[in-house]
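S.K.: Please read through the structure below; I'll follow up with questions.
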Amino acid sequence: MRAPHTGIITVAMGAERRWWYDAVDEPHVPDPETAMTRTVARLLADSLEAHGVDQIFCVPGESYVGLSSVLVARNTVRIVVCRHEAGAAFMAAADGRLRDRAGVAVVSRGPGLANGLVAVHSAYHDATALVMLIGQVERAEFGRQALQEQNYSLLLADITKLVIEVNQPDTASEALARAFHVAESGTPGPVAVVLPEDLFDAVTAAPVDPPRPAVTPGPRAGDLDRLVGMLAEAERPLVLVGGAMLADAVRDPRALADLCSLAERWSLPISPTHRRPQLFDARHPNFGGYMGIRVPPVLITEMKRADLLLALGERLTDTVSQSYSFPAAPAPQVPLVHVWPDADEVGRVWRPDLGIPASPHEVVRGLLAQTPPPAPAGRAEWIAGLNGLHRRLLAPEWESAEDGVNFAAVVCAVERHLEPDATVTTDAGNFGSFVHRHIGFGQRHVFLASVVGAMGSGMPMAVAAGLRRPGTQQVCFIGDGGALMMGNEIATARQYGVNPVMIIADNSVYGTIAMHGLTRYPDRPILEGTRLTNPDFADWGRSFGAEGFTIRSEDEVEEVIASAFAVRTRPVVVHCHTSQLQMNAWRRYEGGEVLP
């Protein structure tokens, strides 16, 4: 059972304060003498502390000033003031991925929440635990279309696991405890807690509702026995490892080491899935290729020779399944074992031969407790073949482009400066394909992105990583479109002493959309509908107090990247003038057509 994160310690360090929590056996219990006169705002502050919340992300709003004023006065939960509600919610989502609790954002009613919806949508599709606290109009004004009033149960019905409206002071702490429990259980996701403005000043004698015990589903013995038999018979198994294994690894640092042991002892190829590259060491001989979006034909053709698919902590989506083609939906063309910690998800789209609603780490531990059967004769050759293709794709090789820098040159240079425990974030866009092709992620790396592909997530997530992992390296890859969506959170980085290296791929076009248009409708002038006029991003970065560098040609790459990574005391912006013709790490526009 997971111990609640409690025992708040605040230590003064010069002009700064450091917040952290020490895990203890019992939740924080407020002084009973003051509980009888406690306002809901103070009860919620006590409840946040009981749930191990040490920081929340927000854009200040009047509808929840009753709560924020209490938190500021206490100075035990840090309020990270952001520049846009989407940035705040993306930071909270990233913060939740970096620790064993849901991240917390608080937004004001109406426009405040509307600005943050993109991050809520992302958290829902990414299966990321998030608690969103939302200010609301006063209770006496309900139903009158008061200023910024909205029915959040209707608005959020399709992108949250639950919407809890708190209208009674005595249920405030209970609502918060339920929100954390639902957000973190089964398939993780966002939960909204709606708090009327006048509720914060109401008085309640209700106690703090402590954290509910974490529920970790495990596999049945019969299911493990059947899985052992299927693995023993398969000559060409392929293990797809996804987000639920990442969540297990945050809870238990042994999870990824156990996965490595499983690969070695059971002779299995491991393929991390879309935007989860850190789950298995890319240099390991059992790495079976990265199962991201649009896997290169040479690799996916070989993967499709598998005679068993084990989806281990991977929910399976259109992205991972290559648009529901591998495995085919609803009837997979290959035996499928689906392991996911939510029985409602297993079998929802695909009909697996074996479904196991369990923690993927518990399945790994169950297999490691058994004696591995002898591997079939062709297993070693199968693993070596997949790994050989992967290593050829990973190699630092690229073709120069006539109209700008091939972004592969930049990414390969960055990899040489990455520290073993660095955090890498990417925004949405084709430039991200170069990161996944050319960076050999290890299991100590942290990778953060919007799995569903929401633009604007890269910079906020880098800031969140810097706050949660001080003293480590943060590198953000972002396109020219995303940079002007949420790159303004570089101001938040400056405010809180976070120093990411921000690599901006500027090809003056919404490149992913241009690629889709040129591929689907080659006779239409799609480029004219995707072009961008951009600032000098190096100067833009300097205006925030960052260091600014520019790359205009490939012969500048090595020197500029080395100089950028030598800066340690402030954020860095590297403005890369990149090719439009080199559309992603695999495709190039040449001779009027998209190749390959």
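The values are calculated or read from the model by the stated rules, or taken from the named source; none is laboratory data. Since the model is a prediction, treat every value here as computed from it, not as a measurement. Cβ: placed from backbone, ideal geometry, glycine included. Neighbour counts: every protein chain shown. Protein only, heavy atoms only, side chains kept; ligands, DNA and RNA dropped before computing areas. Shrake-Rupley method; radii C 1.70, N 1.55, O 1.52, S 1.80 Å.
S.K.: For a label point 7 angstrom out from the Cα of ALA384 toward its Cβ, which stretches of region 219-239 have the backbone nitrogen within less than 19 Å?
M.R.: Correct set: 235-238.
S.K.: With all protein chains present and a 1.4 Å probe, how do LEU259, LEU393 order by accessible area, largest first? Let's see the in-between values first.
M.R.: Values: LEU259 0, LEU393 30 Å².
Ranked from most to least accessible, the order is LEU393, LEU259.
S.K.: I would also like to ask the following. Note down the magnitude of the dipole of region 189-292 about its Cα centre, charges +1 on Lys and Arg C-beta and -1 on Asp and Glu C-beta and zero elsewhere, to the nearest 20 debye. The partial results should precede the final answer.
M.R.: Details: 10 positive and 13 negative charges, 99 e Å.
Dipole about the Cα centre, nearest 20: 480 debye.
S.K.: What accessible area, in Å² to the nearest ten, does a 1.4 Å probe give for MET485?
M.R.: My reading of the accessible area for MET485 is about 90 Å².
S.K.: Continuing with the same structure: Would you give the gap between the C-alpha center of region 368-387 and the C-alpha center of region 78-108, rounded to a whole Å?
M.R.: 42 Å
S.K.: Another one. Leaving ligands, DNA and RNA out of it, work out the accessible area of ARG265 with a 1.4 Å probe and give it in Å² to the nearest 10.
M.R.: The value for ARG265 is about 120 Å².
S.K.: Next question. Which whole-angstrom value gives the distance between the alpha carbon centres of region 319-339 and region 439-502?
M.R.: When both Cα centres are located, 32 Å separates them.
S.K.: Sticking with this one: Counting other Cβ atoms within 10 Å, keep those with at most 15, restrict to DSSP loop, and tell me which GluC sites (Glu not before Pro) in region 316-401 are left. Spell out each step's value before the answer.
M.R.: Working: sites: GLU345, GLU362, GLU381, GLU397, GLU399; in loops: GLU345, GLU397, GLU399.
Of the GluC sites (Glu not before Pro), the ones in loops of region 316-401 whose Cβ has at most 15 other Cβ atoms within 10 Å are GLU397, GLU399.
S.K.: Stretched out fully, how many nm does the piece from GLU558 to LEU154 gain, at 0.36 nm a residue minus the Cα gap? Walk me through the numbers before you get to the answer.
M.R.: On the way: separation 404, 0.36 × 404 = 145.44 nm, distance 5.21 nm.
Between GLU558 and LEU154, full extension yields an extra 140.2 nm.
S.K.: Considering only protein heavy atoms, what is the solvent-accessible area of HIS121 at a probe of 1.4 Å, reported in Å² to the nearest 10?
M.R.: 70 Å²
S.K.: How long is the gain from ALA377 to ARG226 if the chain were fully straight, where each residue apart is worth 0.36 nm and the alpha carbon distance is subtracted?
M.R.: Values: separation 151, 0.36 × 151 = 54.36 nm, distance 2.09 nm.
Result: 52.3 nm gained on full extension.
S.K.: While we're here: So, R0 is 41 Å and r is the distance between the beta-carbons of GLU62 and ARG351; what FRET efficiency does that work out to, to 0.05?
M.R.: Numbers: r = 51 Å, r/R0 = 1.25.
Computed FRET efficiency for GLU62 and ARG351: 0.20.
S.K.: Where nothing but the Cβ of Lys and Arg (+1) and of Asp and Glu (-1) is charged, how large is the charge dipole of the chain around its Cα centre, in debye to the nearest 20?
M.R.: Approximately 640 debye in magnitude.
S.K.: Order ARG42, ARG97, ARG468 by their accessible area, 1.4 angstrom probe, all chains in place, largest first.
M.R.: Numbers: ARG42 110, ARG97 35, ARG468 55 Å².
Listed by decreasing accessible area, they come as ARG42, ARG468, ARG97.
S.K.: Remind me, relative contact order of region 365-510 in percent, using alpha carbon pairs under 8 angstrom and six or more residues apart? Show your work: numbers first, answer last.
M.R.: Details: 210 pairs, mean separation 30.6, N = 146.
Rounded, it is 21 percent for region 365-510.
S.K.: With every protein chain kept in the model, how would you rank GLU141, GLU402, GLU184 by accessible area, 1.4 Å probe, largest at the top? Show your work: numbers first, answer last.
M.R.: Values: GLU141 75, GLU402 180, GLU184 30 Å².
Largest to smallest exposure gives the sequence GLU402, GLU141, GLU184.
S.K.: On to the next question. Report relative contact order for region 261-412 in percent, whole number only (criteria: Cα-Cα under 8 Å, sequence separation at least 6).
M.R.: Values: 201 pairs, mean separation 35.5, N = 152.
Relative contact order, region 261-412: 23 percent.
S.K.: In addition: Restricting to the chain, compute how many DSSP beta bridges are antiparallel as a %, nearest 5. Write down the numbers at each step before the final one.
M.R.: Values: 17 of 80 bridges.
Of the beta bridges lying entirely in the chain, close to 20 percent run antiparallel.
S.K.: Would you work out which of PHE407, ALA449, GLY388 lies farthest towards the positive end of the dipole of region 323-460, given +1 charges on the beta-carbon of Lys and Arg and -1 on that of Asp and Glu, about the Cα centre?
M.R.: GLY388
S.K.: Within region 429-556, what whole-number % of the accessible surface is contributed by carbon and sulfur, with the 1.4 Å probe and all protein chains included in the calculation?
M.R.: Details: 2290 of 4710 Å².
Roughly 49 percent of what the probe reaches on region 429-556 is carbon or sulfur.
S.K.: Can you tell me which of 227-235, 160-168 comes out highest on packing, and rank the rest after it, using the mean Cβ neighbours within 10 Å?
M.R.: Working: 227-235: 17.0, 160-168: 19.1.
The densest-packed peptide leads the list: 160-168, 227-235.
S.K.: Roughly how many Å² is the accessible area per residue of region 127-282, as a whole number, for a 1.4 Å probe? Kindly include the intermediate steps, with their values, before the conclusion.
M.R.: Details: 6060 Å² over 156 residues.
Value for region 127-282: 39 Å² per residue.
S.K.: Loop-only trypsin sites (Lys or Arg not before Pro) in region 506-596, please: DSSP not H, G, I, E or B, and at most 11 other Cβ atoms within 10 Å. Mind showing how you got there, number by number?
M.R.: Working: sites: ARG520, ARG531, ARG542, ARG552, ARG568, ARG587, ARG588; in loops: ARG552, ARG568, ARG587.
For trypsin sites (Lys or Arg not before Pro) across region 506-596 that sit outside H, G, I, E and B with at most 11 neighbouring Cβ atoms in 10 Å, the list reads ARG568.
S.K.: Determine the calculated [θ] at 222 nm for the chain from helices alone, applying -39500 (n - 2.57) to every DSSP H run no shorter than 4 residues and normalising by the residue count; nearest 500 deg cm²/dmol. Display every interim value, and only then the final one.
M.R.: Working: 21 runs with 204 residues, N = 596.
Calculated mean residue ellipticity at 222 nm is -10000 deg cm²/dmol.
S.K.: On full extension of the chain, what length is gained from ARG254 through ARG212, given 0.36 nm per residue of separation minus the C-alpha to C-alpha distance? Numbers along the way, then the final one.
M.R.: Numbers: separation 42, 0.36 × 42 = 15.12 nm, distance 2.39 nm.
Stretched out fully, the ARG254 to ARG212 stretch lengthens by 12.7 nm.
S.K.: Sticking with this one: Give me the percent of the accessible area of region 85-225 that comes from carbon and sulfur atoms, probe 1.4 Å, all protein chains in place.
M.R.: Working: 2590 of 5130 Å².
Result for region 85-225: 51 percent of the exposed heavy-atom area is carbon or sulfur.
S.K.: Please list, by residue number, everything in region 501-540 whose backbone N is under 19 Å from a paramagnetic label point 7 Å out along Cα→Cβ of ARG568.
M.R.: Taking a point 7 Å out along Cα→Cβ of ARG568, the residues of region 501-540 whose backbone N falls under 19 Å are 501-502.
S.K.: Here is a follow-up. Suppose a student asked you for the relative contact order of the chain, using Cα pairs under 8 Å spaced at least 6 residues apart; what percent would you report? Mind showing how you got there, number by number?
M.R.: Details: 1341 pairs, mean separation 67.7, N = 596.
So the answer I get is 11 percent.
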